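Asks: Starting off with a structure, shown below.
The values are calculated or read from the model by the stated rules, or taken from the named source; none is laboratory data. Since the structure is predicted, the reported quantities are computational estimates derived from the model, not experimental observations. Cβ coordinates were reconstructed from backbone atoms using ideal geometry, including for glycine residues, and neighbour counts include every protein chain displayed. Calculation scope for accessible area: heavy atoms of the full protein, side chains included, ligands and nucleic acids excluded. Shrake-Rupley method; radii C 1.70, N 1.55, O 1.52, S 1.80 Å.
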Amino acid sequence: MALINQQSNLKDRMERQPLIDVLCIFFGIGTWLCVNGLWVELPLLVQHLPEGWALPSYLAVVIQLANLGPVLYTVLNSLFPRAITEVRSIYVVMLVGFVAVILLANFWSVTGVVLGQQHSVALLGLVFFVAAVDCSSRVLYLPFMARLQTIYLPSFFIGEGLSGLIPSIFALIQGVGGNPECRNNTFGNGTMAVIPEPFYSVDIFFYLMSAITFCSFVAFFLLNQNGIVGKGLVKPQNSIPLTITGRRSEERSTSKREPFYESTRWPDEDNDSKAAFLNRDDHINQSARKSRPLTSIEKPVESTRSIGELSYLLIMQTMICGLANGVFPSIQSYSCLPYGNTTFHWAVTLSNMANPGVCFLMFCLPNPNKYSVTVTAMLGLGVSSYVMQTAVLSPNPPMVGTLEGELLLVSSWILLVGLFTYTKVAISSMLRDLGQKGLFWSGAFTQFGSSIGAVATFFIIKYGDVFHSYYPCG
């Protein structure tokens with residue numbers, strides 16, 4: 001039997017098609033590309049839009065509301081399983097995402113009056129559709145990948161990681177032009193802030209995002225062509241293969257399709273789900289995991305976690321996700337802008353790179369446990385206390401106007417995102433021991449914490465007297 005398995009694995013490696021790997025990478029890039037692009041573009045957007053420094057809190061709430069997208073798909077898929085299929089739905093969400101980003105490139109600066117105040121109606125409205133598309137990728141893209149052999153799954157996750165890295169690289173090249181300069185106005189009775197131009201405009205940045213989105217669409221189209229990916233599809237004649245969720249794939253040969261909510265649960269947000277899944281998936285091909293040691297979940301053992309430990313992990317997940325996905329993204333402008341546009345730019349882009357970086361690094365780290373999660377969470381809370389202090393004390397945070405203060409702030413944001421990312425992914429990996437039930441509760445508490453953090457921070461910023469912005473030439 002061992003000889004047969006070795007021959008089968010050797011055959012899989014010989015039949016691996018590099019073109020399919022490339023297509024899976026581009027397909028994965030389309031997962032969270034646009035949402036990540038919005039965050040790294042904030043240093044420029046807050047300078048031109050009426051929400052100003054409060055813009056990140058508006059975006060955080062809109063992105064949480066956009067989770068209605070996957071909910072809508074789940075409901076429609078359960079009611080009309082034959083009409084609302086994965087492939088058709090992916091085509092629809094990709095098309096909506098592409099059109100929304102094109103519209104962003106043309107209308108992101110359009111404002112309107114809402115409740116007596118000027119607001120970025122075009123940006124916020126289009127962000128809802130962009131975020132709904134990216135949120136829906138959690139419940140659509142991975143189940144689709146079950147059609148392909150598991151050796152191509154790591155390529156998809158590489159692409160998902162690049163969905164955070166590529167916008168950051170574009171933003172680093174773009175720059176912010178520098179900090180505002182105070183100059184005399186044309187009337188000679190005061191000063192005005194002049195914002196230097198970046199290397200290329202916000203419009204061009206969104207056009208670049210739309211071009212990559214189109215490449216992801218083309219990759220998905222090609223992944224549906226049997227003439228191209230035929231050798232990479234799951235071959236049921238050898239054995240009855242398992243889908244990503246562990247369900248047998250013979251359902252694809254029947255006319256009745258199982259409703260989505262009964263077959264798939266996906267736990268986490270942005271790039272975090274890829275590390276939790278890859279680090280713990282017991283269906284990854286032997287050749288794909290040969291470079292790392294076997295983890296405990298890859299062995300057929302039962303979870304021995306107590307109710308107390310599970311409650312502790314879920315509470316920790318709720319708290320960390322509330323801070324990482326809700327609170328700190330909303331206050332990042334207040335924390336960074338007193339140090340200047342350039343500091344804000346570096347903090348946003350480099351911390352955005354820390355997320356996929358930590359996810360890939362976790363493949364080389366020992367299996368997480370309750371103690372490692374606690375230590376990293378406490379370290380993250382320690383760093384977050386300093387970051388929160390800089391936001392609360394805005395516009396006069398510690399060491400403002402000094403190079404040391406700028407370096408400390410940027411480093412703190414990188415550490416904050418890195419430590420919180422490790423904690424979120426580690427908890428999801430540990431809850432994977434419970435199978436779909438564990439991942440479901442991990443996802444539920446993740447979304448609950450993220451929503452509470454985003455909404456609470458939005459109201460504190462808008463109606464509280466806690467965070468303050470300032471006019472640099474006042």
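Asks: For the stretch 22-115, state the semi-axes of the equivalent ellipsoid (square roots of 5 times the eigenvalues of the alpha-carbon gyration tensor), sorted largest first and rounded to whole angstrom.
Replies: 29, 17, 12
Asks: Among Val466, Gly405, Met430, whose Cα sits farthest toward the positive end of the charge dipole of the stretch 305-473 (+1 at Cβ of Lys/Arg, -1 at Cβ of Asp/Glu, about the Cα centre)?
Replies: Met430
Asks: Of all alpha-carbon pairs in the stretch 17-234, indicate the percentage at a distance above 22 angstrom. Working shown, then result.
Replies: On the way: 13124 of 23653 pairs.
Looking at the stretch 17-234, the distances longer than 22 Å represent 55 percent of pairs.
Asks: In the stretch 7-104, if the dipole is taken from +1 on Lys/Arg beta carbons and -1 on Asp/Glu beta carbons about the Cα centre, which of Pro18, Leu104, Val71 is farthest to the positive end?
Replies: It is Pro18.
Asks: Give me, ordered by chain and number, the residues 5 or more places off His468 or on other chains with an amide H under 5 Å from its own placed amide H.
Replies: Excluding prolines and chain starts, which carry no amide H, the hits are Ser394.
Asks: Ignoring any ligand, DNA or RNA, what whole percent of the accessible area of the stretch 305-473 comes from carbon and sulfur when the probe is 1.4 angstrom?
Replies: Details: 4890 of 6770 Å².
Result for the stretch 305-473: 72 percent of the exposed heavy-atom area is carbon or sulfur.
Asks: A follow-up question, please. Roughly how many Å² is the accessible area per residue of the stretch 305-473, as a whole number, for a 1.4 Å probe? Mind dumping the intermediate values first?
Replies: Values: 6770 Å² over 169 residues.
I get 40 Å² per residue for this part.
Asks: Residue-wise, which Karplus ³J(HN,Hα) couplings in Hz belong to the stretch 343-348, taking 6.51 cos²θ - 1.76 cosθ + 1.60, θ = phi - 60°, and x for glycine or proline?
Replies: Residue by residue, the stretch 343-348 yields 5, 4, 4, 5, 5, 5 Hz.
Asks: Let me spell out the model: positive unit charges on the Cβ of Lys and Arg, negative unit charges on the Cβ of Asp and Glu, origin at the Cα centre of the stretch 66-193. What dipole size does that give, in debye rounded to 20? Could the numbers behind the result be given before it?
Replies: Working: 5 positive and 4 negative charges, 51 e Å.
My answer is approximately 240 debye.
Asks: Over all distinct Cα pairs, what is the inverse of the mean 1/r for the stretch 52-166, reported as the Kirkwood hydrodynamic radius in Å?
Replies: Working: mean 1/r = 0.0628 Å⁻¹.
Kirkwood hydrodynamic radius for the stretch 52-166: 15.9 Å.
Asks: Separate question: Taking 45 Å as R0, compute the FRET efficiency from the Cβ-Cβ separation of Met378 and Asn184 and round it to 0.05.
Replies: Working: r = 51 Å, r/R0 = 1.13.
So the FRET efficiency works out to roughly 0.30.
Asks: What residues qualify as long-range amide H neighbours of Cys182, i.e. H under 5 Å apart, gap of 5 or more or another chain, H built at 1.01 Å from N?
Replies: Long-range HN contacts for Cys182: Val194.
Asks: Taking 0.36 nm per intervening residue step and subtracting the Cα-Cα distance, what contour gain separates Glu404 from Cys473 on full extension? Each step should come with its number before you reach the end.
Replies: Numbers: separation 69, 0.36 × 69 = 24.84 nm, distance 2.33 nm.
Here the segment from Glu404 to Cys473 would lengthen by 22.5 nm.
Asks: Another question, if that's okay. Over the stretch 305-473, what number does the Rg to Rh ratio reach, with both radii from the alpha-carbon atoms and Rh per Kirkwood? Don't skip to the answer; put the middle values down first.
Replies: Numbers: Rg = 16.9 Å, Rh = 16.7 Å.
A ratio of 1.01.
Asks: For the stretch 17-234, which whole percent of the accessible surface, found with a 1.4 angstrom probe, sits on carbon and sulfur atoms?
Replies: Carbon with sulfur: 70 percent of the solvent-accessible area.
Asks: Show the residues, 5+ positions off or on another chain, whose built amide H is closer than 5 Å to the amide H of Gly30.
Replies: It is none; the list stays empty.
Asks: With θ set to phi - 60°, apply the Karplus curve 6.51 cos²θ - 1.76 cosθ + 1.60 along the stretch 18-30 and write out the HN-Hα couplings as whole Hz, x wherever there is a Gly or Pro.
Replies: After applying 6.51 cos²θ - 1.76 cosθ + 1.60, I find x, 4, 5, 4, 5, 5, 5, 5, 5, 5, x, 4, x Hz.
Asks: What ³J(HN,Hα) values, in whole Hz, does the Karplus curve 6.51 cos²θ - 1.76 cosθ + 1.60 give for the stretch 369-383 when θ = phi - 60°, with x put for Gly and Pro?
Replies: 9, 4, 6, 5, 5, 5, 4, 5, 5, 5, 4, x, 5, x, 5
Asks: Counting other Cβ atoms within 10 Å of each Cβ, which trypsin sites (Lys or Arg not before Pro) in the stretch 68-164 have at most 16 and sit in a DSSP loop?
Replies: When the trypsin sites (Lys or Arg not before Pro) of the stretch 68-164 are filtered for loop state and at most 16 Cβ neighbours within 10 Å, Arg82 remain.
Asks: Calculate, for the stretch 38-135, the solvent-accessible area per residue in square angstrom, rolling a 1.4 angstrom probe over the heavy atoms of the protein chains.
Replies: On the way: 3970 Å² over 98 residues.
With all protein chains present, the stretch 38-135 gives 41 Å² per residue.
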